[in-house]
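Down below is the structure, laid out as structure tokens.
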Amino acid sequence: MIRFLLPIVVFVLFILEGTWFQIFVPPSQDYEYILVPRFVLIAVVLISIFRGPGIGVLYGIAGGLLYDFVYTDVLGIYMFSLGFTAYISSFTYTAVRISYMWQMVIMIGAILIFEWMTYGLYYVIGYTDILFEDFFMVRLLPSWILNGFAAILLLYPFQKLFRRLEDYEALQQR
């Protein structure tokens with residue numbers, strides 16, 4: 001049962017992004033900022049750090065495909081962006097695995113790269129016509145700050161989960 005825990009956690013985070021967050025921070029015309037939670041991205045980056053690039057990319061592609069089916073009309077943008085971001089953020093060094101600071105730096109960088117990449121792909125195919133300056137001030141910066149705080153909150157529980165999974169795998173190999 002514990003082997004299904006990680007996919008269930010990622011799926012629950014996906015559900016929380018679309019439902020729970022929209023209830024407590026509803027979109028409004030009064031605000032000039034757009035907050036976009038990326039809890040699945042944070043989870044995928046942590047998976048790629050602790051479990052390796054292969055598993056991280058697999059979760060990234062699966063999570064991106066969910067995003068594409070549920071939220072967009074163009075298939076493949078989120079799937080590619082999330083998988084690619086998982087791959088480039090997969091630093092499996094021991095120093096990264098034990099350092100909260102390095103994990104936060106990688107997650108903050110991954111959030112920036114992911115948001116910039118999805119905007120760039122949408123801009124190149126002509127799906128959006130928002131200028132980068134407007135995108136940066138209205139969506140990227142507020143979402144980056146929001147997801148930075150979410151990363152801080154999710155970091156410790158995920159580290160605990162990965163330690164428990166490693167203990168379970170070590171026990172299984174005996």
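So here's what we get for this one:
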{"read-out": "Asp129 vs. criteria within 24 Å of Gly64 (Cβ to Cβ) and of a type in the set (Asp, Glu)", "value": "yes"}
{"read-out": "Out of Leu82, Leu65, Leu46, Leu41, sole residue that is in contact with a Phe, Trp or Tyr (Cβ under 8 Å, 6 or more places away or on another chain) and over 26 Å from Leu141 (Cβ atoms)", "value": "Leu65"}
{"read-out": "Residues of the stretch 119-138 classified as of a type in the set (A, V, I, L, M, F, W, C), within 15 Å of Ile34 (Cα to Cα) and in a helix (DSSP H, G or I), total", "value": "5"}
{"read-out": "All positions within the stretch 158-174 that are in a helix (DSSP H, G or I) and surrounded by fewer than 10 Cβ atoms within 10 Å (Cβ to Cβ)", "value": "Ala170, Leu171, Gln172"}
{"read-out": "Residue among Val57, Val74 that is modelled with pLDDT of 95 or more and not polar (S, T, N, Q)", "value": "Val57"}
{"read-out": "Subset of the stretch 30-59 (residues that are of a type outside the set (Ser, Thr, Tyr) and farther than 22 Å from Tyr156 by Cβ)", "value": "Asp30, Glu32, Ile34, Leu35, Val36, Pro53, Gly54, Val57, Leu58"}
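Conditions (1) more than 21 Å from Val96 (Cα to Cα); (2) out of contact with any Ser or Thr (no Cβ under 9 Å at 6 or more places or on another chain); (3) small (Gly, Ala, Ser), marked per residue:
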{"site": "Ile106", "(1), (2), (3)": "no, no, no"}
{"site": "Trp116", "(1), (2), (3)": "yes, yes, no"}
{"site": "Met137", "(1), (2), (3)": "yes, yes, no"}
{"site": "Leu146", "(1), (2), (3)": "yes, yes, no"}
{"site": "Leu161", "(1), (2), (3)": "no, yes, no"}
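Listed here are the residues, each with its yes/no results for (1) aliphatic (A, V, I, L, M); (2) more than 11 Å from the chain's Cα centre (by Cα).
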| residue | (1), (2) |
| --- | --- |
| Ile15 | yes, yes |
| Thr19 | no, yes |
| Tyr33 | no, yes |
| Phe50 | no, yes |
| Leu58 | yes, yes |
| Met79 | yes, yes |
| Ser90 | no, yes |
| Ala110 | yes, no |
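The values are calculated or read from the model by the stated rules, or taken from the named source; none is laboratory data. Keep in mind that what you see is a predicted model, and the values were worked out from it rather than measured. Glycine gets a Cβ as well: all are built from the backbone with ideal geometry, and neighbour counts include every protein chain shown.
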